[in-house]
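Worksheet: the structure to be examined is printed underneath.
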Amino acid sequence: MPVILLIIAVVVIFMVLKPANKDQQPANKVQQPMDKLTAIKPGDTSGEDSRDDWAQKMSSLSKVDNIQKKTDSLNPDTSLKSLSWDSCVQGFNGVPPFQLCLEMANLGIPEAQYALAIYYEDGQVIPQNYNLAAYWYQKAAEQGHIPAVYNLGVFFDNGLGTPQNHRLAFQNYEIAAKCGFPDAQYNLGLLYYDGRGVSKNLNLAVQWWNSAADMGNGKAQYILGLLYYKGQGVSQDYTRAWLLWQKAAEQGIPLAQRDLGILYYEGKGVKQNKDLAIQWFKKAAQQGNIDTQQLLKKIGLSW
């Protein structure tokens, strides 16, 4: 059944995917489906700077076809198809990694197509170009490369290099999620929660967040903890919220660090410990959390 879903999704993607010529800024990848609260409480995002803001101005790369070929230095007995993912990162026989990766991608090697898409998305080695990143993610996805399927879903979700299409984002996330990809499971949960590209379904959102959380996804652990804290879609359980936020906080999720500190400060779900609360507030503040920075200032503490 996953194979059939993949084939259907690829056909639809192939028909819809079109280059986008204008600069585009992605929506926040880590979207928090929560109400804004006036006080500092678990789940409050007021005053938070945008997170995961990794997009920069898109640049076109019009000379890709004119890149000098340096594969002549390869041993004649070496087949490009026999080279590994490392070759796209480290190069081979003096051939620069990007140029070798381009050659391998043109031969239809999915790992190279995926790596090439990352080059274009990242924009550190070559000028950033979301159009070409989307193109190569699609090529790799067509061959069943699951990370590429997921990343293509992110591009559809945020309108990067292709018109925004939440339905196609949902289809790609679902395929990757069913293959055990935790980031896809988390994002799929967001779509079910918000009703983007699919009908709202809190139960399915919780189901997919549970799957992602069980696989160690910190964002899913945080958002599940928030649901348990509020008793939204699940029975209210402060202890469960504390356990989930503890896991997410240890992975460096600043909102989880802040909210874990609140639980320790208030003694909800865990024995009250204001010293531990301050420690977690400081960790969140060090990562730029404005709420905890302001709170620590008020009580005369630095971070």
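The values are calculated or read from the model by the stated rules, or taken from the named source; none is laboratory data. Remember, it's a predicted structure, so these values are computed and weren't measured experimentally. Note: ideal-geometry Cβ built from the backbone for every residue, glycine included; neighbour counts use all protein chains shown.
From the list Pro127, Pro163, which residue is over 26 Å from Ile253 (Cβ atoms), in contact with a Lys or Arg (Cβ under 8 Å, 6 or more places away or on another chain) and not assigned by TED's automatic domain parsing to the domain that holds Gln251?
Pro163 is the lone residue from the list that is over 26 Å from Ile253 (Cβ atoms), in contact with a Lys or Arg (Cβ under 8 Å, 6 or more places away or on another chain) and not assigned by TED's automatic domain parsing to the domain that holds Gln251.
Total residues in the range 260-293 satisfying the condition of being out of contact with any Gly (no Cβ under 8 Å at 6 or more places or on another chain), assigned to a helix (DSSP H, G or I) and in contact (Cβ under 8 Å) with a residue 40 or more places away in the chain: the figure is 1.
Please indicate, with yes or no, whether at least one residue in the range 266-277 is surrounded by 13 or more Cβ atoms within 10 Å (Cβ to Cβ), within 15 Å of Tyr222 (Cα to Cα) and either out of contact with any Phe, Trp or Tyr (no Cβ under 6 Å at 6 or more places or on another chain) or among the charged types (D, E, K, R) (or both). Checking the range 266-277: not a single residue is surrounded by 13 or more Cβ atoms within 10 Å (Cβ to Cβ), within 15 Å of Tyr222 (Cα to Cα) and either out of contact with any Phe, Trp or Tyr (no Cβ under 6 Å at 6 or more places or on another chain) or among the charged types (D, E, K, R) (or both). In the range 253-303, the qualifying residues are those that are of a type in the set (S, T, N, Q) and in contact with an Asp or Glu (Cβ under 8 Å, 6 or more places away or on another chain), and the one that is nearest to Arg240 (Cα to Cα) is Gln272.
Residue-by-condition table, conditions (1) of a type in the set (Gly, Ala, Ser); (2) part of a helix (DSSP H, G or I); (3) closer than 29 Å to Ala117 by Cα; (4) modelled with pLDDT under 95:
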position: Asn172; (1), (2), (3), (4): no, yes, yes, no
position: Gln185; (1), (2), (3), (4): no, yes, yes, no
position: Arg196; (1), (2), (3), (4): no, no, yes, no
position: Lys200; (1), (2), (3), (4): no, no, no, no
position: Ala212; (1), (2), (3), (4): yes, yes, yes, no
position: Gly225; (1), (2), (3), (4): yes, yes, no, no
position: Tyr228; (1), (2), (3), (4): no, yes, no, no
position: Arg258; (1), (2), (3), (4): no, yes, no, no
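Going residue by residue through the range 157-167, is there one that turns out to be under 26 Å from Ser211 (Cα atoms), in contact with an Asp or Glu (Cβ under 6 Å, 6 or more places away or on another chain) and surrounded by 24 or more Cβ atoms within 10 Å (Cβ to Cβ)? No, the range 157-167 contains no residue that is under 26 Å from Ser211 (Cα atoms), in contact with an Asp or Glu (Cβ under 6 Å, 6 or more places away or on another chain) and surrounded by 24 or more Cβ atoms within 10 Å (Cβ to Cβ).
Filter the range 219-246 for residues that are among the charged types (D, E, K, R) and surrounded by fewer than 21 Cβ atoms within 10 Å (Cβ to Cβ) and give the result.
The answer is Lys230, Asp237, Arg240.
Do the conditions hold for Gly144, that is, is it without any contact (Cβ under 8 Å) to a residue 60 or more places away in the chain, surrounded by fewer than 22 Cβ atoms within 10 Å (Cβ to Cβ) and at positive phi? For Gly144, the condition - without any contact (Cβ under 8 Å) to a residue 60 or more places away in the chain, surrounded by fewer than 22 Cβ atoms within 10 Å (Cβ to Cβ) and at positive phi - is not met.
Among the residues that make up the range 128-141, is at least one of them part of a loop (DSSP other than H, G, I, E, B) and at pLDDT 95 or above? The answer is yes, given that some residue of the range 128-141 is part of a loop (DSSP other than H, G, I, E, B) and at pLDDT 95 or above. Within the option set Gly195, Gly161, Gly123, being touching a residue at least 24 places away in the same chain (Cβ under 8 Å), out of contact with any helix residue (DSSP H, G or I) (no Cβ under 8 Å at 6 or more places or on another chain) and on the phi > 0 side of the Ramachandran plot holds for one residue only, Gly123.
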